[in-house]
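The values are calculated or read from the model by the stated rules, or taken from the named source; none is laboratory data. Here the structure is a predicted model, which means the values were calculated and not measured. Glycine also receives a Cβ, built like all others from the backbone with ideal geometry; neighbour counts cover every protein chain displayed.
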Amino acid sequence: MTKEIHSPLRPMLIVFAVLSVFFITGKNWLLKNDIDPALVIIGNLVLFAVSMAAYFITQKSFRSSNQYAFIRAVNGSFIIKFMVIVFAAFIYFWMAGKEVNKPGLFVCAALYIVYTAVETRALMKLLKKKKENA
């Protein structure tokens, strides 16, 4: 059962690994395009971690017999994601002061979309497997 639960995570792990390697090795390219490498590396890590947490929260709701558990899990994971991202943004704005790196923030916004799409796809695969086994 754990292999079934964790196999949909493979794409998210691959996306994280590829992006991390790109951001670390492509520092010169990022700097040339006025993107702060530290911002996108930390943003990638934060978004990966919060997406993994949201995945596990939602995935756990699939085992519940309560029909509203899934809705609560999706809403709860969204709120957790939102609060973590807002907290991280406030910390960044406080630390950056007037030196806010807008291109880096746009990259982080794109990363949010990528991780949300990969997380949703993984959960849909898991739900499809559950329906096939039921």
Go through region 95-134 and give me each residue that's in a loop (DSSP other than H, G, I, E, B), among the small types (Gly, Ala, Ser) and within 14 Å of Val40 (Cβ to Cβ). none
Kindly evaluate Tyr92 against the criterion of being assigned to a helix (DSSP H, G or I), among the hydroxyl-bearing types (Ser, Thr, Tyr) and free of Cβ contacts under 8 Å to residues at least 60 places away in the same chain. yes
Checking Pro11 against (1) buried (at least 20 other Cβ atoms within 10 Å of the Cβ); (2) within 15 Å of Lys125 (Cβ to Cβ); (3) of a type outside the set (Asp, Glu), only one condition comes out false. Which one? (1)
With (1) among the β-branched types (Val, Ile, Thr); (2) out of contact with any helix residue (DSSP H, G or I) (no Cβ under 6 Å at 6 or more places or on another chain); (3) buried (at least 19 other Cβ atoms within 10 Å of the Cβ) as the list, and Val40 as the residue in question, which single condition is left unmet? (2)
How many residues of region 25-37 are among the β-branched types (Val, Ile, Thr) and either touching a helix residue (DSSP H, G or I) at 6+ places or on another chain (Cβ under 9 Å) or surrounded by 16 or more Cβ atoms within 10 Å (Cβ to Cβ) (or both)? The answer is 1
Hey, does region 55-68 have a residue that's within 26 Å of Ile14 (Cα to Cα), hydrophobic (A, V, I, L, M, F, W, C), modelled with pLDDT under 95 and not in a helix (DSSP H, G or I)? yes
Enumeration of residues in region 53-80 that are among the hydroxyl-bearing types (Ser, Thr, Tyr), surrounded by 15 or more Cβ atoms within 10 Å (Cβ to Cβ) and more than 17 Å from the chain's Cα centre (by Cα): Ser61
